[in-house]
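The structure appears below as structure tokens.
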Amino acid sequence: MPDARQKEKTWVALAGCKDGHALPGAFYGDPDIHQVDLEAVFLSEWLFAAPECELPEPGDYVTLQVGPAPVIILRDEAGTLRAFHNSCRHRGSRLCSAERGQASRLVCPYHQWTYDLKGALLSTRFMGEDFDPATFPLKPLHVTSIEGLIYICLAETPPDIETFRRTITPYIAPHDPRRTKIAFTSTIVEEANWKLVIENNRECYHCAGSHPELLVSLVEMALPNDERFADEFRVMERKARDWDALGLPHAPVDGGLEFRGIRLPFREGVQSMTLDGKLACKKLLADLTDPDLGSVRAFRVPNNWHHFLSEMSIHFRVLPLGPERTEVRTVWLVHEDAIEGWDYDPQRLSEVWVATNAQDRTLAEENQRGVHSPAYEPGPYSEISEFMAINFIAWYRGQLAQFLSGDETSIIRAAE
């Protein structure tokens, strides 16, 4: 929990923010503000953790680190998803250190305290007759699956996620993420603050100068009525009619500052996010029959974005490792019955976003170096090309203001 000094420093920094502008430099590296970030954002919000297909069988588990909290997510004997603090109730050792695995019991490697897959303490050694194992279960976390995407929340009382579930489900359900399997996984570390990583993702203002591989398929427009892109705009109009006929929703959802969902077409003649624009997998997802579906693009604060294509889906998870260090994990999924080497080649399937992620890492790291300059002064975002970054920063400032028990108006007034 941040102390009073750290909260006060963040309060003052918030007062220096300007609407429609990038954040002051302290927000991108100050260790005290980072502690507030962890509590106000990552230990309070719903976080995307993993695709459910990573846990196909009882006993399968995955682990992740959320700020100071090691977490384990597993499927119990009945097939129910559960999440726990990955910390033994004896002296706190991590129970599982592997990124993923399979276990019928969770056994602490330190003193062999043993838990079942529902978190109950089953056995200990040499704890005496008065010891009651029923009082030492693993501490649970909130966990839910939204159409095969696992979200967790470390807060005692989680915020609403049902609006997101209800709104986004019609967009991603036709791609049926539960009937998929992992084709490729990439985890990289960017030497940059997590907000710079998210901001970079929230705009394509930089795409023309940085992402030649991605722009084989992706159109820079982020809205279906963006007439700056005349040819692509006409493609959008035509594809909208096709998707209406297929019963596939495509219009932008009303997610406020919290989330975004939309289906947009690729460039003319392109069916997938590959270097040649052709399908990366012969077998389409779910029961889809049309290979030319563009992609559903979904984003939810604070740590994830997704692309759902006709033949694969791509999922991105962002977790802070420190004030200036961020982990970005990307997972590519294909139909559960697709055969590697016949239906798809993992290298071809992943190469566009492997290249794009590497380019984005360079951009974020150079941005990180630049915001430390004594000459750095937050500049204005482009309302045309960076409106999603504007929304993200507005959400972030509001999240901190709420955590610090005030609104932005009172913060600014208090600083005057």
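The values are calculated or read from the model by the stated rules, or taken from the named source; none is laboratory data. None of these values were measured; they are calculated from a predicted model. Positions of Cβ are backbone-derived with ideal geometry, glycine not excepted, and every protein chain shown enters the neighbour counts.
Would you say Ile73 is touching a Lys or Arg at 6+ places or on another chain (Cβ under 8 Å), among the β-branched types (Val, Ile, Thr) and assigned by TED's automatic domain parsing to the domain that holds Pro378? Step through it out loud before you land on a result.
Details: touching a Lys or Arg at 6+ places or on another chain (Cβ under 8 Å): yes; among the β-branched types (Val, Ile, Thr): yes; assigned by TED's automatic domain parsing to the domain that holds Pro378: no.
Here the answer is no, as Ile73 does not meet what is asked.
Name the residue that is surrounded by the most Cβ atoms within 10 Å (Cβ to Cβ), counting only residues in the range 366-391 that are in a loop (DSSP other than H, G, I, E, B) and in contact with a strand residue (DSSP E or B) (Cβ under 8 Å, 6 or more places away or on another chain).
Of the residues in the range 366-391, the ones in a loop (DSSP other than H, G, I, E, B) are 372-379, 381-386.
After this cut, where a residue has to be in contact with a strand residue (DSSP E or B) (Cβ under 8 Å, 6 or more places away or on another chain) as well, the list is 378-379, 381.
Values: Pro378: 17, Gly379: 10, Tyr381: 22.
Filtering first and then ranking leaves Tyr381.
Right, Phe266: farther than 17 Å from Leu214 by Cα and aromatic (Phe, Trp, Tyr) or not?
On the way: farther than 17 Å from Leu214 by Cα: no; aromatic (Phe, Trp, Tyr): yes.
It is false that Phe266 is farther than 17 Å from Leu214 by Cα and aromatic (Phe, Trp, Tyr).
Looking at (1) within 20 Å of Phe299 (Cα to Cα); (2) assigned to a helix (DSSP H, G or I); (3) not aromatic (Phe, Trp, Tyr), which one does Ala355 not meet, given that it meets all the others?
Status for Ala355: all satisfied but (1).
What is the one condition in (1) basic (Lys, Arg); (2) within 20 Å of Pro56 (Cα to Cα); (3) without any contact (Cβ under 8 Å) to a residue 60 or more places away in the chain that Arg166 does not satisfy?
(2)
Go through the range 263-308 and give me each residue that's among the β-branched types (Val, Ile, Thr) and more than 20 Å from Val331 (Cα to Cα).
We begin by selecting, within the range 263-308, every residue among the β-branched types (Val, Ile, Thr); these are 270, 274, 289, 296, 301.
Of everything in the range 263-308, those that are among the β-branched types (Val, Ile, Thr) and more than 20 Å from Val331 (Cα to Cα) turn out to be Val270, Thr289.
Looking at this structure, is Thr167 surrounded by fewer than 14 Cβ atoms within 10 Å (Cβ to Cβ) and of a type in the set (S, T, N, Q)?
Values: surrounded by fewer than 14 Cβ atoms within 10 Å (Cβ to Cβ): no; of a type in the set (S, T, N, Q): yes.
In short, no.
Which condition breaks for Glu99 when tested against (1) acidic (Asp, Glu); (2) more than 25 Å from Ile314 (Cα to Cα); (3) under 21 Å from the mean Cα position of the chain (by Cα)?
Of (1) acidic (Asp, Glu); (2) more than 25 Å from Ile314 (Cα to Cα); (3) under 21 Å from the mean Cα position of the chain (by Cα), only one is false for Glu99: (2).
Has the range 270-293 got any residue that is at pLDDT below 90, farther than 30 Å from Leu47 by Cα, of a type in the set (D, E, K, R) and out of contact with any Leu (no Cβ under 7 Å at 6 or more places or on another chain)? Working first, answer last.
So in the range 270-293, the residues at pLDDT below 90 come out as none.
No, there is no match, as no residue in the range 270-293 is at pLDDT below 90, farther than 30 Å from Leu47 by Cα, of a type in the set (D, E, K, R) and out of contact with any Leu (no Cβ under 7 Å at 6 or more places or on another chain).
For residues that are surrounded by 17 or more Cβ atoms within 10 Å (Cβ to Cβ) and of a type in the set (A, V, I, L, M), scanning just the range 183-209, find the one that is nearest to Pro323 (Cα to Cα).
Ala192
Quick check, is Ile182 touching a Cys at 6+ places or on another chain (Cβ under 9 Å), more than 22 Å from Gly294 (Cβ to Cβ) and not small (Gly, Ala, Ser)?
Details: touching a Cys at 6+ places or on another chain (Cβ under 9 Å): yes; more than 22 Å from Gly294 (Cβ to Cβ): yes; not small (Gly, Ala, Ser): yes.
Considered against the rule, which asks whether it is touching a Cys at 6+ places or on another chain (Cβ under 9 Å), more than 22 Å from Gly294 (Cβ to Cβ) and not small (Gly, Ala, Ser), Ile182 comes out as yes.
In the set Leu122, Leu81, which member is hydrophobic (A, V, I, L, M, F, W, C) and over 24 Å from the mean Cα position of the chain (by Cα)?
On the way: Leu81 fails: over 24 Å from the mean Cα position of the chain (by Cα).
Checking each option against the conditions leaves just Leu122.
Which ones in the range 257-273 are among the small types (Gly, Ala, Ser), in a loop (DSSP other than H, G, I, E, B) and touching a residue at least 12 places away in the same chain (Cβ under 8 Å)?
Ser272
I'm trying to understand the selection: among the residues of the range 98-142, which are in contact (Cβ under 8 Å) with a residue 24 or more places away in the chain and touching an Asp or Glu at 6+ places or on another chain (Cβ under 7 Å)?
Hits for the range 98-142 are Arg100, Gln102, Leu117, Lys118.
Which of the residues belonging to the range 165-224 are within 15 Å of the chain's Cα centre (by Cα) and of a type in the set (Val, Ile, Thr)?
Ile168, Thr185, Thr187, Ile188, Val189, Val197, Ile198
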